[in-house]
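**Student:** The structure under discussion is supplied below as structure tokens; questions concerning it will follow.
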Amino acid sequence: MRILVINGPNLNLLGVREPDVYGDRSYAALCALIEGYAAEKGVEVKLFQSNHEGAIVDEIQAALGQFDGIVINPAAYTHTSIAILDALKAVDLPAMEVHISDVAAREPFRQVSYAGMACRRAFIGLGFDGYLRAIDALLEA
Ligand code: DQA
């Protein structure tokens with residue numbers, strides 16, 4: 001099983017960025033956690049982070065034929081990007097949505113998830129653990 005893990009804008013600043021919302025662990029710590037878990041489960045994983053919507057669309061398109069599933073936290077693009085939704089629908093790989101914070105309990109503008117419309121399940125408000133649960137869900141899919 002080959003899984004592509006995509007993180008959107010500002011998630012490279014984990015640990016620095018609003019630690020009361022996103023915690024004090026860094027993006028590097030998140031990558032290490034995911035890589036360790038994937039190794040334990042015998043999963044091949046690629047981690048990709050970008051602050052650019054088009055780069056995320058390119059990465060999703062390039063996943064076709066290369067990966068068996070996608071774990072995606074599109075960050076702010078969750079709530080705005082029809083292009084990311086369309087890319088996920090275009091490649092039609094099993095995809096899982098992750099949000100570190102509990103978006104359901106936050107501002108009204110965070111209540112829409114375009115990307116989520118192309119994802120099988122959402123793991124919301126579980127912190128970094130959400131990514132591991134999303135990998136589990138792809139393994140069970
Ligand atoms: C986020 C939630 C989004 O609303 C926000 O824009 C982010 C991170 C999360 O992981 O909780 O950047 O996706």
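Just so it is clear, none of the values below were taken in a lab; they were calculated from the coordinates. Since this is a predicted model, take the numbers as computed values, not measurements. Note that each Cβ is placed from the backbone with ideal geometry, even for glycine, and that neighbours are counted across all protein chains shown.
**Student:** I want the local charge near Arg121. Using Cβ-Cβ distances under 13 Å, sum +1 for each Lys or Arg and -1 for each Asp or Glu among the other residues. Could the numbers behind the result be given before it?
**Tutor:** Working: positive: Arg120, Arg133; negative: Glu97, Asp136, Glu140.
Computed value for this residue: -1.
**Student:** If you don't mind, another one. Local charge sum around Lys46 (other residues, Cβ-Cβ under 11 Å, Lys/Arg +1, Asp/Glu -1)?
**Tutor:** -2
**Student:** Let me ask another. Please list the equivalent ellipsoid semi-axes of segment 2-140, computed as the square roots of five times the alpha-carbon gyration tensor eigenvalues, in descending order and whole angstrom. Display every interim value, and only then the final one.
**Tutor:** Details: eigenvalues 81, 69, 37 Å².
Calculated on Cα positions only, the semi-axes equal 20, 19, 14 Å.
**Student:** Rounded to the nearest 20 debye, what is the charge dipole size of the chain about its Cα centre when +1 sits on each Lys and Arg Cβ and -1 on each Asp and Glu Cβ?
**Tutor:** With only Lys, Arg, Asp and Glu charged at Cβ, the dipole is about 100 debye.
**Student:** Taking θ = phi - 60°, what integer Hz values does the Karplus form 6.51 cos²θ - 1.76 cosθ + 1.60 yield along segment 103-108, in sequence order, with x for Gly and Pro?
**Tutor:** 4, 4, 9, 10, 4, x
**Student:** So, one more: Which length gain, in nm to one decimal place, applies between Lys46 and Asn10 when the Cα-Cα distance is subtracted from 0.36 nm times their residue separation?
**Tutor:** Gain on extension, Lys46 to Asn10, equals 11.1 nm.
**Student:** Quick check on the exposure proxy: order Phe109, Phe128 from fewest to most C-beta atoms within 10 angstrom.
**Tutor:** Working: Phe109 9, Phe128 17.
Listed from fewest to most nearby Cβ atoms, that is Phe109, Phe128.
**Student:** I'd like the distance separating the alpha-carbon centroids of segment 84-112 and segment 1-59, in whole Å.
**Tutor:** 15
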